[in-house]
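Here's the structure, in structure tokens; my notes come after.
The values are calculated or read from the model by the stated rules, or taken from the named source; none is laboratory data. Keep in mind that what you see is a predicted model, and the values were worked out from it rather than measured. Here Cβ is always computed from backbone atoms with ideal geometry, including for glycine, and neighbour counts include all displayed protein chains.
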Amino acid sequence: MNREIEKLRKFRLFILKQIVGLTSEQLNSIPPGYNNNIIWNLGHVVATTQALCYKRAGLPLTISDHYVNPFLPTTKPTGVISEEEIAVIKESLMTTLDTLKIDLTLNRFNNYTPSERIKEVYGIDILTIDDAIDFLVYHDGFHSGYIISLLRLI
């Protein structure tokens, strides 16, 4: 699993480099024809990791619900994310991976509940924490591409 965690880390570092210097206005900007923005996508990556790994295993989240619930699937931006919240989201991209890596080493995900939603939406079985992390590599890559598209429009 360490290899997959490092892939996630590289995706997230790549995206953080792409958005260096963007203002909070740019990060919050929703281009015409889109229903979300760059900062929502960053928050969504963090929230999905929390929901898919921790919630499915019956474990407490490693960050506040404030940074999870507004970014779950089927949500969209409902207002402007402040500079302070943006900083927390950016930091959480990396710190949540550090915590996940430690928790994997401690075998904390023994009571993992399979994800029916992922199966329904993507046709992929997520039966274990290893499956979840494999899916996150795909998921982070997908949202990295989405963020790159948004960068061209702001």
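Say whether the condition of being in contact with a Cys (Cβ under 8 Å, 6 or more places away or on another chain), buried (at least 17 other Cβ atoms within 10 Å of the Cβ) and touching a residue at least 12 places away in the same chain (Cβ under 8 Å) is met by at least one residue in the stretch 77-84. Within the stretch 77-84 (the criterion being in contact with a Cys (Cβ under 8 Å, 6 or more places away or on another chain), buried (at least 17 other Cβ atoms within 10 Å of the Cβ) and touching a residue at least 12 places away in the same chain (Cβ under 8 Å)), the answer is no, since none of the residues qualifies. Would you check if there is a residue in the stretch 105-116 being among the charged types (D, E, K, R), farther than 23 Å from residue 13 by Cβ and modelled with pLDDT under 95? Yes, the stretch 105-116 contains at least one residue that is among the charged types (D, E, K, R), farther than 23 Å from residue 13 by Cβ and modelled with pLDDT under 95.
For the condition in contact with a Ser or Thr (Cβ under 7 Å, 6 or more places away or on another chain) and not β-branched (Val, Ile, Thr), what is the one hit in 3, 12, 56?
Values: 3 fails: in contact with a Ser or Thr (Cβ under 7 Å, 6 or more places away or on another chain); 12 fails: in contact with a Ser or Thr (Cβ under 7 Å, 6 or more places away or on another chain).
Answer to the selection: 56.
Confirm whether residue 125 is closer than 17 Å to residue 9 by Cα, among the charged types (D, E, K, R) and either at pLDDT below 95 or in contact with a helix residue (DSSP H, G or I) (Cβ under 8 Å, 6 or more places away or on another chain) (or both). Criteria not met by residue 125. Summed over the stretch 109-154, residues that are of a type in the set (Lys, Arg), in a helix (DSSP H, G or I) and free of Cβ contacts under 8 Å to residues at least 40 places away in the same chain total 1.
The rows are residues; the columns are (1) farther than 17 Å from residue 135 by Cβ; (2) surrounded by fewer than 17 Cβ atoms within 10 Å (Cβ to Cβ).
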| position | (1), (2) |
| --- | --- |
| 8 | no, no |
| 15 | yes, no |
| 23 | yes, yes |
| 39 | yes, no |
| 57 | no, no |
| 90 | yes, no |
| 96 | no, no |
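Yes or no: residue 116 closer than 23 Å to residue 131 by Cβ and among the charged types (D, E, K, R)? In short, yes.
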